[in-house]
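Working notes for the structure below.
Readers should treat all values here as calculations from the given coordinates under stated rules, not as data from a laboratory. Just so we're clear, the structure is a prediction, and the values are computed from it rather than from any experiment. Heads up, the Cβs are rebuilt from the backbone with ideal geometry, glycines too, and the neighbour counts pull from every protein chain shown.
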Amino acid sequence: MGPLDGLRVLDLTSVLMGPFATQTLGDLGAEIIKVEAPEGDIIRQIGPSRHPGMGPLFLNTNRSKRSIALDLKNPAGRKAMLRLARNADLVVSNIRPRSMAQLGLSYEDFEKVNPQIIYAALIGFDLRGPYADRPAYDDLIQGGACLAYSFSRAGRRPAYVPTAIADRFVGVAAINAILAAVIERNASGRGQKIEIPMFETMVALVLGDHLGGLTFDPPFDQGGYQRQLSPDRRPYQTSDGYVCALIYNDGHWERFFKAIGRPDIPQSDARFASFASRMANIDEVYAELSRIMLTKTTVDWLQLFLEADVPAMPMHSFESVLEDEHLKATGFFRMVEHPSEGPVRSMAVPVRFSRSDVALDRLAPRLGEHGREILAEAGFGNDEIVQMTASGALCLSTED
């Protein structure tokens, strides 16, 4: 069931940003109808798979959904889309607004059939600016939002964060906006269009940390939060591996130096004497800590940090995190039986609800797997469904 039980969402998204947002809504109990093109979401093709179109990236971003494959360029497909919208609460799209308008599926088109519908457009750029119609992908937004540049400020070559951080974070921002719009609609009785731009959302995220002295006029500096940009802010190499540790406040440092037998350092070395002095000398502080960390094994350091109550974690690989003792204890990973893909590893919904907790009972669908039942629920007769299939407006699963 979940806290969003009863919320019906038409999901016109593909790749990562939109599907991640709608999967989360589905995990929380909303009914998600994923509307795919006849060729399917492109991420179906990414990564190893047991069957074509069922790759791991798709499986891990499209659970808690049903799939219908409609050709929205076909008049019958467009008509079916608007008919489905009559009983929907939300339309979520990351198709460029100009393309949606050309399809006859703008907010105004949906509003005509359902004045209470909320239309969430996940877009690349604020539509009021000169970038409005440009394509937007995670790599581009990371570059434009200063993430790639931040690596150079840390003494490295410009780089992208090796995960789709912009897609995922903007997806979370979309969830926030969508739920805010639902609350407002429940009070006003009126739907509305909301726009969630990738570029502006990510600039706000990054510069929240790094606007720094550029906050002021005239500027105090060239921006940047120095602790985060320090070259030695990274996993610390030990004598046999790596450890992630953050010795941050005065208590952490006092307990750390006591644990390594050097309680005198905060008094004898002014760089370590206070929070302010450590921040002012952060590159030297982290460089010295890097040298100290080489003196013990990973296991020894993790035990020392645990006993001293200093924040630390192992540096996991994609494989070792599957064996993390905490994640095992909380049941975060579980093996489930997918109807077509066999045993697959599934990740739990991280949040917990005391009364309306969630149950993941719908795994990622095959392309068009639920087309017939979705249309039947919307009042389509069998003859209509046959005609739509014959015209190419509807693509049914090969199982059908």
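What per residue convex hull volume, in Å³, comes out for segment 292-339 when only alpha-carbon positions are used?
95
Quick one: longest stretch of the chain between exposed loop GluC sites (Glu not before Pro), exposed meaning at most 13 other C-beta atoms within 10 Å and loop per DSSP? Can you show the working numbers first?
Values: sites that count: Glu39, Glu319, Glu399.
Maximal segment without exposed cleavage sites: 40-318.
With the Cα gyration tensor of segment 96-171 in hand, give its eigenvalues times 5 under a square root as the equivalent ellipsoid semi-axes, listed largest first in whole angstrom. Walk me through the intermediate numbers first.
Working: eigenvalues 231, 31, 16 Å².
So the equivalent ellipsoid measures 34, 12, 9 Å along its semi-axes.
Please determine, in degrees from 0 to 90 and to the nearest 10, the orientation of helix 382-391 with respect to the longest principal axis defined by the Cα atoms of the chain, where the helix direction is its Cα long axis.
70
Residue by residue, what Karplus-based ³J(HN,Hα) values in Hz, rounded to whole numbers, does segment 6-22 have, using 6.51, -1.76 and 1.60 with θ = phi - 60° and x for Gly and Pro?
So the J values, rounded to whole Hz, are x, 8, 9, 10, 8, 9, 9, 9, 8, 6, 10, 4, x, x, 5, 5, 6.
Using a Cα distance threshold of under 29 Å, what count of lysine pairs results for the chain when pairs must be 8 or more residues apart or interchain?
17
Order these by the 10 Å Cβ neighbour count, fewest first: Thr330, Thr201.
On the way: Thr330 12, Thr201 21.
Least to most surrounded, the residues fall as Thr330, Thr201.
Note the angle between two axes, namely the Cα long axis of helix 298-308 and the longest principal axis of the Cα atoms of the chain, as a number of degrees from 0 to 90, rounded to the nearest 10.
The two axes meet at around 80 degrees.
Go ahead and set up a Gaussian network model of the chain, Cα springs under 10 Å, then flag whichever of Ile196, Ile42, Ile183 fluctuates most.
Ile183
Within 10 Å of each residue's Cβ, count the other Cβ atoms and sort Asp11, Asp283 from fewest upward. Each step should come with its number before you reach the end.
Values: Asp11 28, Asp283 15.
Lowest count first: Asp283, Asp11.
Arrange Met279, Met198, Met54, Met335 by Cβ neighbour counts within 10 Å, fewest through most, would you?
Working: Met279 12, Met198 29, Met54 22, Met335 8.
So the residues, fewest neighbours to most, are Met335, Met279, Met54, Met198.
Along each of the three principal axes of the Cα atoms of the chain, give the extent in whole Å, ordering the values from largest to smallest.
In descending order, the Cα extents are 85, 54, 40 Å.
From zero outward in steps of 10 Å, how is the percent of C-alpha pairs of segment 236-314 spread across the bins?
Answer for segment 236-314: a P(r) of 19, 56, 24, 1 percent.
Please compute, for the alpha-carbon atoms of segment 176-329, the extent along each of the three principal axes and give them in descending order in Å.
Taking the Cα atoms of segment 176-329, the three principal extents are 66, 51, 24 Å.
Rounded to the nearest 5, what is the percent of antiparallel bridges among the DSSP beta bridges in the chain?
35
Taking only Cα atoms and a 10 Å spring cutoff, compute GNM fluctuations for the chain and point out the largest among Arg63, Arg157, Arg96.
Arg157
Does anyone have the angle between helix 250-259 and the longest principal axis of the chain? Alpha-carbon axes, 0 to 90°, nearest 10?
Approximately 60 degrees, to the nearest ten.
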